[in-house]
Every structure is written in structure tokens, then in C-alpha cells.
Amino acid sequence: MDEVQVKVKPEMVTVYIMGQAYQVPAGLTILKALEYAGFRLVRGVGCRGGFCGACATVYRLPGDYRLYADLACQTTVKDGMYLALLPSTPAERRPYDLKKVKPAGETLLSLYPELARCVACNTCTKSCPQKLEVMDAVQAALRGDVAKVAELTFDCISCGLCTIRCPAEIPHYHVWQLARRLYGAYLAPKAEHLHRRVQEIAEGKFAADLDRLMRLSKEELRELYKAREIEPE
Amino acid sequence: MANQPNAITPHSSPITYFPGCALKDQAKEYEKATLSALAKLGYAVRELPRWNCCGTVYSQTQDDLMRHVGPVRNFIRAQELGETRLLTLCAMCYNTLSRSALFVQNPENLRRINAFMDDEEDYRGGVRVVHLAQFLLEEIGEEKLSQAVVKPLSGLRLGAYYGCTLLRPKEVAVDHPDRPEVLERIIASLGAEPVIFPERTECCGAYLTVTRPDIVRERVGEILLSAGRAGAQALLTSCPLCKFNLEERRPLGAPKIPVFYLGEALAWALGVKEIPAELAKSLTGVMR
Amino acid sequence: MSVYPEYMQESIRRVEETRPVRMGTNYPRLPLAEQEELLRRFHPDYKPEGKRPLRVGPSYGELVPHEVADLLEAYPLLDPGEIDLSQVDYDVDVLVIGGGGAGTVAALWANEAGIPADRILIVTKLRHGDSNSIMAQGGIQAADKPHDSPAIHFLDVMGGGHFTNDPKLVRALVEDAPFIIKWHEELGVMYDKEPDGTMITIHGGGTSKKRMHSCKDYTGLEIMRVLRDEARNRGIPVLEFTPAVELLTDEFGQVAGAVVWNLETEEYKIVRAKATVLATGGWGRLHIQGFPTTNHYGATADGLVLAYRVGAKLRDLDAVQYHPTGAAFPEQIVGLLITEKVRGLGAQPVNAMGELFVHPLEPRDVESAAFIRECLPPEKGGRGLGVVTPTGMVGIWLDTPMVDMIHGKGTFQRALSSIYRMYVRFGIDPTKEPILVYPTLHYQNGGVVIDEHGWTGIPGLYAAGEVEGGVHGKNRLMGNSLLDYNVFGRRAGLAAAEWTKKARLGHLTLRHVERFVEELRRAGVPETRRAPILLPDYRGKKTLARVVDLL
């Protein structure tokens, strides 16, 4: 990628990357600050857009006792920020056979009994970069409300920050993935029209139409394309 | 026939109710029966918003501050409503929440818990945890309760199984730890014949049911034998775990005595739930 | 307090002024001839100085973007003479290169076809799931509604691709589509549904029927994580942080596996495999023509390089898809995808004067060309009606407050929660203020030539997902890339499994690489050029680089 004249001269701030001080332009995300400082990252980078949870980061700010947690690709650096990347969370994932488990609380609790250790300290919620109500999801799991767990955790990107900070040692994101699949496979209503259509295709209902289209020339296809009926909004 | 109970004046402010995890899952019938019974008695009940688990499963094994965070968070939820009383049905929730309420009566403990929970307003104290049994006797009273009964359970011999958590430690006990009588008084108000048996305040074994079911079986055997010898036709409890143990851990040789929730008996007598057929045939009263 | 500078707020006020008139109206869709004219004059693909003819390999003489040619005409990372092929580290039936959507689907279906999990191996350069698949937002197409049919879907795809698609591949795509959705439903994917279970489907750019299925605006994430979870349940092994750097062949010209490189331990390993599925994804991190990109960190066209060296044919590499709406402000998120669904839900593209200047849902290339024309200054043939940001980026407004106005308060936050979240993090509430967008490098329309089974024509080599070409012709419609990786991932996985039953491998060799190197030397390619590049390099001042002279 070429270098360009930057139109606006950036002011510089100090960030402490795993203990070491670096001067970086203000306004950069933590991820870009790391790269500016010379790190070529292998771990701790993924989509760079806030979807994959690869760049989980914990940091502190001067004069503030709190430990903050967020995504490096979505967080702007602040002067004096003291940070560490957490590119991996140790959390055992317990395998299961979707076809053999029930969509109920007992499935969540039998695979992840640590859930019952929750002391409602809310640390998980405070650590979530997606601002999900994580503790409420744990509570819903304890109550066996699988649908609620699926709803509350849909936007979870499995970054692992809640899991690594939880004093009760609950592996949250593994529970959420299980709950969501249970919901999607068992509790959500089935799409009947979809099953019918799959059946129709298997029976060859559209074969003749497609055969015909395959034989048309580009010009004939173009004419058909122009004459398409567009479904209104 | 003259069956109109005294008209119950509907109460204006709802009772705030803490369900606890079991009542939403394995013990749904306890909640359903009790809420309809309370409605019949003229009480509107609102569930505590965003309540969290009291933590009883592990908190009872730990001696640290953290286990009080969950209960206190529930007290803050109540405080936000301006509520000073929290109704519980589950005996274990009652016990866990009460012990935390006691714990934070000490100002230093309260200060430390509040300091940790920097995401909530400070708990100022003052929420009282009330068990269903206390509510029925203190708020309604035996006389009014009897008058509200539509289908007296006459002829039915019911034993109250207290277990541990309603009575120990004594600081949170709903009655005398060795000679309690609150549940018997309620049973009598419902028209039934309370059966006292020596093992009614002995522990069923609780969570040992997971790791040492043999111990639980032994305990349950003693409890059921004791209840059977005293002539109980059914047992009443307010703890989902006790109910599980008494039903699922009965050893061979011990009598099979059905176990119901306190709220269910209440619901039968108030006419909002059908009394199970096996017990109905013992009724000697007019309303059979 | 808006984070937009004052002069941009002035433009926003004009947008707000014209909004009442614009609501309920729409710019007419362009007739085909006008679409083609727009593309010719303004789409980056049509800039001759952006590409050059290849000087080596099976696609000799074909025009490809410079950034891609630099990789196809490049030397291997490892010296073939120094690799010890006698020590095989992994011996499997099916090797899948790439741990995104296509790779995971291929592995699952190879397993379904009877290959035991421990005879399959997925290798991937980052973590399992790190991919473009996970970033797709808007949806996946399938003709499963009664008033729709695969034949209509076929027509939409062909038209969107300007009739350059391979009809056999398009037929496979549209015929398999409903089955794929059903398979997802069984796996537990949480598609948006009505209370009675009917799939909620909307239009995408270029569709004639509403057949885009979605999972809020996390469609890609939701599908990918379910597929990954299923692969984990089945115990399919994955080597993470281990990209493939070279394919292996045998003396019969079959592809026999790959040399892989552990990025952390910096060691190479030899994987011998009866069948290899290339599922390496796209090329966004090459920043073609200097554009920012929506793609993930690892999108560096590795698969094209590997396939080219064993003699695979490539097609339509000159067809680069720019997504019309990449974020253009604030600087931290420049290039990131703003899903087409935003326009599907009613947000109109509007210039600096508040005027609607194009139909919101033209096919992507047409839409991108329209935005570029709007922003290009008059002396360069454009209309000069874009907004320039303080850091030199340019864009037009997407009038996002319209979404809640049309569908009710809370719609945006619910249906587009990832975008909402992204903007709120940087101080903008898209339900109250419009957002600035500009085309961003998004998708590799073409790629390795395959047949309808995902076979490349080279024994033992299959390809699926963004790395292959022919499905979308010169332009992919929204919602067909998620479909592509599922349909062809499955077909490739099944075909690979079938092949392993009769495949007999000879001796492992890198002879094809040595021949390719000879060709490079003859063509005078400098030895400093190496490929695959595996990861982009953003160190130092390159982080500050702005998009090169978009105007």
C-alpha cells in the first residue's frame, strides 16, 4: 500500500503496550496503534471490523482503578492507556450431539455445571465489548430459559473476555453457542414452505424451466431478464 | 349451600415476589399453585424485576463475601421499587437471602459489598425476606385464612416436613428450631389434620443426592418411616430439593408417601386447584 | 453534540430538508444500456491502467489487476530444493485449505459422505472461522417462497453477472439453495422468521423477488459459528495459524496435498492428501487500486497463487467487486462494510446537496459506479457532489434515519445491530444522523475455474467459495456469496470424498513449482517478488496511509 501525504497532522499520545511505552498518533484504534508501533500481528487480529472477537484487549487508564475490556479494532487509544492483548482464552468446549440433546436447562447445566457457581457479580457484563447483558444470560440459563439465552447472546462474538474474568469460572460463550443451536434447531418454529420447496426441487418440478434457460443464448436471456417482474418493496 | 367465603378485599399494593431458579423450571407447579392461591386471597403479586439466582448451590459451601453479592443485588432491585418486603416460596432461597440480609446488617459488611458493586446504587438496608408460611400467618392470620377456605381439607392427614432451611441457623428460623408449629397451624387452618412426626425437622441430605445418594436414601428412609408411623397420608414441604429427595430417593421398605408443596395445599383449600384423586378420597367433609 | 465537523453537519441539514419529499419516492432503475455506460465510464474495473496482461502460466496474456499479477508472477516463499518431502507429517484423505465457510462446509460434507473425521484436516492461517464468511451481514439468497422459483433466481444471477456466468454453476447454485437453508435450519441456525416459522426475506441489489434470508445483520457470523460448532462436535481436526504455502503434486500430475507453514513456530510441515479442497477466500487485503477493504486480515489471494502454480485456469480476475457502501467516516472505520440491507430497509443514497441520485438497489457494480461518479470532480467527468472528510476521504450520505421512520422506532437497532453498535462506539447514532459511505474493495468475482462439482480439472484439486470463479460472472449479487460457499463447499466436499475412494497417489514432488520458477526467470520476473504473502504488512507509517487518489 502506498504512503500518502496525510492532510491533517496528528497529535501524538503515549500508550503502554504490554508495559512498554510507545508514541502513536491520537485517533488510531488500538490495533492500528500496535501496527504503527511496529508490531506485525499474527495472533490478536482477525476481521478488523468487530465481528470475530480475535482482538480482545484489556486495559487501564491513568488514575482509574477499573480494568476495561474491549476489542482492539474498535477502540480508540487514549493518552496513558495501559494495555495487553488477549488473543486466546483457555476454555474447555464440551462436545455434544445436537440430535441427542434436549432443548432445556438440563442440557446446559449438565454440560456446563459451573453455571450454578454464578454469584451475580456482573463482571462478565462489564467485560463485554458488545455490551450484552451477560449476567442476565447466565441467569436465564440457570432458569432453563433457552430461548432467552439465545435472544440475549445473539450478538456475542465469542471474544472470551467474560470467560477469562469470571470468578466462578464459567465458560460463557460455549454455553451461548449451545443454547443458540438448541433454539434454532428445536424451539424456533419450522419454515414449512422451505421444506415443501426442497421436496419440489427433489421431485424435479423446476427441471424443465431450468433446462430451457440453460439452452438460451445471451441475448435471449437478456430479454427475459429485462422483462422480469420485480416484487414491490 | 352457603359456600361464599368472606369477601376478600383486594389489596392495593402488590407483593414483590422472588421466585428463585427452581420455581421457574423443576418446581413450576409450586409457583403456579401459590400465585393462584394468593390471587384468590386478594393479593396481587409482582415478580422482582431482573432478579438473579440467590446462589444457594455453591454459596452454602463458601465462607466469603462474594456469595452475598447475588442476594444483595436482589435487595437493590427491591429497593429500586421502594419495596421493603420480599416474598419467597422456596425454603432454600428464603434461607440464603435471609442470611445475606443478616450479614449486611453489619455496616462494615454492607459498605464492602456496596463498594464492590460499583455498577449499582448502594443498598441502604431494610429489605425483609419473608417466607410464604410467615406471610400467611402474619399478614393474613389463621382466622382469615380459615374463612377463605372453600374446600376444607377435613379428614386429610398432612405432615409438614420442615427440613433444615426454614429453621437453621436460628437467626433466620421461621419458628422454634426443634418445636416449630407454623406449618401445622396453616395446615389446621386449611381444615386438614396436621401430623407431627419426630423426623420432620431432620435434614434429608440435600445436595448429597448427587455424590452420595446412599446417605440421602438412608435419611429419606428414616423420615418416611417416621411420617408413616405417625399416620401421614401426604407430606407438605416448601423446598424443591427436599421434594426431589423424598420422592426419588425412597429406599425399599420405606412407605411411599406423596409429597406436595405448601402452596399446592393452599390452592386445594381455596378451590383454585383440584386436590389429587388419591388424597381426595380421604376427605370426610361435605366438599369432597 | 455531533462528532461530524460543522461543514458536514451543514450537508446533513440539507439531507434532512429533502427527506420528506424523498420518503415514498424512488429513483427509477436504470435500463441495461445506461447501466453498461455507467460502468464503462466510472467503474474501477474499466480503468486500463489498473491492470496488465499476465506473462506466465495458464492464463498467459489475460488482463488482471496489478496487485494480483504481482502475486501470480512471483517466486515461492520456500526454496523447493530445501523441503524434505520424505518426512510426511500428516497423511489424510481430504485436506481442506482455509478454515472459513467454504472449507468448513467441505469438511462437514466429506465427513457426511463417510470420510472419518480423523482422515480430514483443515489448515488455516488464522483461527478456525477467521474469514470473510464471518463478516457477511445482509443475507443469503434462496428461492423457497411459493411465488419465487429457482428459475427466477437463475435469471437474477445471470443478469447480475452481465450474462458472463457459467450457466451450469448458476444452475447448481440456485437448485441447491433451498436445501442449504434447510440444512442450516436443522443445524440450528437462527434465521429471522415470522411467528409461524415463515422465513423473513427481503430484496437485495439486483433481485426480482424478496429471497434474502438473514439472521439480523450478523448472518455470516451466525452461519459460520454454527458450522464451526458442528465441525468441532464431529472432531474434525484443524491446524490454526498454519497456512498452506505450496501445493504438492505427484509424478502423475495429481495434486497430493500441501506444504504448510506454522506462523508461530516458523516450521513447515508436509501434508499428504488424496484430495485437496482450496477454500482460501478473497483478496481484499491487496487493496486493489488503493481502495480500502471490507475483508478480513488474511484475505491475500493465497489460493489463486497455489492453484496457478499447478496449472489451474483462472477466470474473471479483472472483475473486482467494490461494495458500494463502505464506511467513509470516521477514519477508524473507513472501508468497513455497511450491509446492503440498510438500503433494503429504505435508507436512500443522497449526495452532498441532499439529492437522491440513483436507485438504492441497482446491482453492486452499477451502484458503486454511480457513487464514484457522484464524487468525482467535474474536471474528471464526475458530478463533484460528494462530501470530503477532514482526512481526505470522500463519500455520499446514506440516509439511515429513514429506516426507523419507515419501519418503526427500534428497527435499525434490532435489525442492524452490528452497524448500530459500530457507529455508536465512535459517537454517531445512525438513527439520528446519516452516515457517509463510499465504495470499498469487497469481493473477488472470479477465480479458479471449476465444474459444477467444484473440480478444477486437475486430479485431486477442488475449489469452493470466493476463491473459485464462474458462478457470479463479472458481478456477484448480494446474498449469493454465502450461498456460493455453502453450495460449492458441499459439492467439493462430496466430490473430494468420492475421489478418495479411487485415488492412488504417487511420490510427492514440488516439480511443478520448479517448472514455474523456470518460467518466471525466462519472463524476467525479479526474484524479490514472493507469494503467497500470507498476511498484509501495515507496520509503521503505512497505518496512516489514506486511500490513494480516489479522485
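Pairs of Cα atoms under 8 Å, at least six residues apart: use those to get the relative contact order of segment B:153-200, whole percent. Dividing the mean separation by the residue count of segment B:153-200 yields 52 percent. Isolated Cys in chain A by the 4.7 Å beta carbon test? Isolated Cys, chain A: A:C55, A:C73, A:C118, A:C121, A:C128, A:C156, A:C159, A:C166. The lysines whose alpha-carbon is closer than 26 Å to the alpha-carbon of B:K273, local same-chain residues fewer than 8 away aside, are B:K24, B:K28, B:K32, B:K40, B:K144, B:K151, B:K243, B:K256, B:K281.
Can you tally the net charge around C:S2? Count Lys and Arg as +1, Asp and Glu as -1, for every other residue whose Cβ sits under 13 Å from the Cβ of C:S2.
Its environment carries a net charge of -3.
Please list, in order, the residues from segment C:55-90 whose amide nitrogen is less than 15 Å from a point placed 7 Å along the Cα→Cβ vector of C:N262. The answer is C:88-90, whose backbone nitrogens lie closer than 15 Å to the label point.
Over the residues of chain C, the helix contribution to mean residue ellipticity at 222 nm works out to -9500 deg cm²/dmol, using -39500 (n - 2.57) for each DSSP H run of at least 4.
What is the local net charge at A:L142, summed over the other residues whose Cβ is closer than 10 Å to its Cβ (Lys, Arg +1; Asp, Glu -1)?
0
Quick one: of the DSSP bridges fully inside chain C, what percent are antiparallel, nearest 5?
65
Classified by the C-alpha gyration tensor, chain B has an oblate form. Its axis ratio a/c, with a ≥ b ≥ c, is 1.5 or above, and a/b does not exceed b/c. Between B:A160 and B:V195, B:L236, the built amide H atoms are under 5 Å apart, and every one of these is 5 or more places off in sequence or on another chain.
Against the main long axis of the alpha-carbon atoms of chain C, helix C:150-160 sits at an angle near 80°. Taking a ≥ b ≥ c as the square roots of the eigenvalues of the alpha-carbon gyration tensor, segment B:108-235 is classed oblate because a/c is 1.5 or more while a/b is no larger than b/c. Where both bridge residues fall in the protein assembly as shown, DSSP classifies roughly 55% of the beta bridges as antiparallel. Residue-wise HN-Hα couplings along segment C:305-319, as the Karplus relation 6.51 cos²θ - 1.76 cosθ + 1.60 with θ = phi - 60° gives them from phi, are 4, 4, 5, 4, 5, 8, x, 6, 7, 10, 9, 6, 6, 7, 9 Hz; Gly and Pro carry x.
Annotation: aspartates and glutamates with alpha-carbon distance below 12 angstrom to C:K47 (same-chain offsets under eight excluded): C:D318.
Using the empirical formula 2.2 N^0.38 Å as the baseline, the Cα radius of gyration of chain C reaches a ratio of 0.95.
Shielding of B:159-172 by partners, i.e. mean partner chain Cβ atoms within 10 Å per residue?
Partner-chain Cβ atoms within 10 Å, mean over residues of B:159-172: 0.
Between the amide H of B:A192 and those of B:L153, distances stay under 5 Å, these residues lying 5 or more places away or on another chain, with hydrogens modeled in the peptide plane. Take C:421-429, C:338-346, B:121-129, C:70-78 and order them by the average number of nearby Cβ atoms within 10 Å per residue, most first; the result is C:338-346, C:70-78, C:421-429, B:121-129. Every Cα-Cα pair in segment B:63-140 was counted, and those over 20 Å apart are 29% of them. Bridging of C:K502 to lysines at a Cα separation below 22 Å is possible for C:K274, once same-chain residues fewer than 8 apart are set aside.
For segment C:220-230, the Karplus equation 6.51 cos²θ - 1.76 cosθ + 1.60, evaluated at θ = phi - 60°, returns couplings of x, 4, 4, 5, 4, 6, 5, 4, 5, 4, 5 Hz by residue, with Gly and Pro reported as x.
Here the 3J(HN,Hα) profile of segment C:456-470, calculated from phi with Karplus coefficients 6.51, -1.76 and 1.60 at θ = phi - 60°, is 8, x, 9, x, x, 10, 10, 9, 8, x, 4, 5, 8, x, x Hz, Gly and Pro shown as x.
Around the amide H of C:V96, modelled in the peptide plane, lie the amide H atoms of C:L121, C:I122, C:V123, C:V277, all under 5 Å away and 5 or more residues distant in sequence or on another chain.
Taking other Cβ atoms within 10 Å as a rough exposure proxy, A:T14, B:T56 sort from fewest to most as A:T14, B:T56.
No lab work stands behind these numbers, since they all come straight from the coordinates. Since the model is a prediction, treat every value here as computed from it, not as a measurement. Note: ideal-geometry Cβ built from the backbone for every residue, glycine included; neighbour counts use all protein chains shown.
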